[in-house]
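What follows is a short report on a single structure.
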Amino acid sequence: MNKYMNEAINQAKKAYKKGEIPVGAVIVKDNKILSKAYNKREKKQQATKHAEIIAIEKACKKLKSWRLENCEIYVTLEPCPMCAGAICNARIKKLYFGAEEQTSKDNLLEKILNSTRLNHKVEIEKIESKQASELMSSFFKTKRKKTEK
């Protein structure tokens, strides 16, 4: 598996251990990691603290620019609409994701990232990640067991 997706999975594992939905993200430019992050919605009690948003914020700070041109983002889970919009608005060149979002069978990700309303298009590639899928499944199984008690 791709070393950057492996790092995103490591980030997702950190989220899992902290009781967060296990999503990790890594932003790469010129084969170097610019930023990495995991979900922190529960910890920060903020709806926007998704791994992708945090990674984008860190990369922008590092580059001193909101434009992340020629950057790639690796995410363990197919991004939600908010994160897809942020990825596009940050001008990220390519998105790689590991697991499909179970509730999205309507191609919304592609619709957002290739919308004519936005002046930037993002390439998308799914990297099949059994690890990312299993991490997500395990997290929600554990969560359901806790609520059943």
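Side notes on the structure shown:
- In this structure segment 63-143 gives 56 Å² per residue of accessible area when probed at 1.4 Å with all protein chains present.
- The chain: angle of helix 3-17 to the longest principal axis, Cα-based, in degrees nearest 10: 40 degrees
- With a Förster radius of 35 Å applied to the C-beta separation of residue 89 and residue 17, the computed FRET efficiency comes to 0.70.
- Among 49-57, 27-35, the peptide with the highest mean count of other Cβ atoms within 10 Å heads the list, and the full ranking is 49-57, 27-35.
- Read-out mean projected area of the Cα convex hull in nm², derived from the coordinates shown; its label in (1) 8.3; (2) 8.9; (3) 12.9: (2)
- Unit charges at the beta carbon, dipole of the chain: most positive-side option, 16, 5, 137: 16
- Dipole magnitude for the chain: computed about the Cα centre from +1 point charges on Lys and Arg Cβ and -1 point charges on Asp and Glu Cβ, it is near 780 debye.
- Phi to ³J(HN,Hα) by Karplus 6.51 cos²θ - 1.76 cosθ + 1.60 over segment 21-36, Hz, x for Gly, Pro: 4, x, 10, x, 9, 9, 10, 10, 9, 6, 6, 10, 6, 8, 7, 8
- Computed in the context of the full set of protein chains, the accessible area of segment 31-142 at 1.4 Å probe radius has 48% of its extent on carbon or sulfur.
- The HN-Hα couplings worked out from phi for segment 126-141 by the Karplus form 6.51 cos²θ - 1.76 cosθ + 1.60 (θ = phi - 60°) are 8, 10, 3, 10, 4, 4, 4, 5, 5, 4, 5, 4, 4, 4, 6, 4 Hz, whole numbers, x standing for Gly and Pro.
- Highest mean packing first, where packing is the average number of other Cβ atoms within 10 Å per residue, the peptides 125-131, 81-87 line up as 81-87, 125-131.
- Principal-axis tilt of helix 51-63 within the chain, Cα atoms, nearest 10 degrees: 40 degrees
- A straight Cα-to-Cα reach below 17 Å connects residue 105 with the aspartates and glutamates 78, 125, 128, residues fewer than 8 places away in its own chain not being considered.
- Considering helices alone, the calculated mean residue ellipticity of the chain at 222 nm is -13500 deg cm²/dmol, with DSSP H runs of length four and up weighted by -39500 (n - 2.57) and normalised per residue.
- For residue 13, the aspartates and glutamates whose Cα comes closer than 13 Å to its Cα, not counting residues fewer than 8 places off in the same chain, are 134.
The values are calculated or read from the model by the stated rules, or taken from the named source; none is laboratory data. The model shown is predicted, which means the values in this text are computed figures rather than measured ones. We place every Cβ from the backbone using ideal geometry, glycine too, and count neighbours over all the protein chains shown. Ligands, DNA and RNA are stripped out before the accessible areas are found, and what is left, the full protein with its side chains, is counted by its heavy atoms. Shrake-Rupley method; radii C 1.70, N 1.55, O 1.52, S 1.80 Å.
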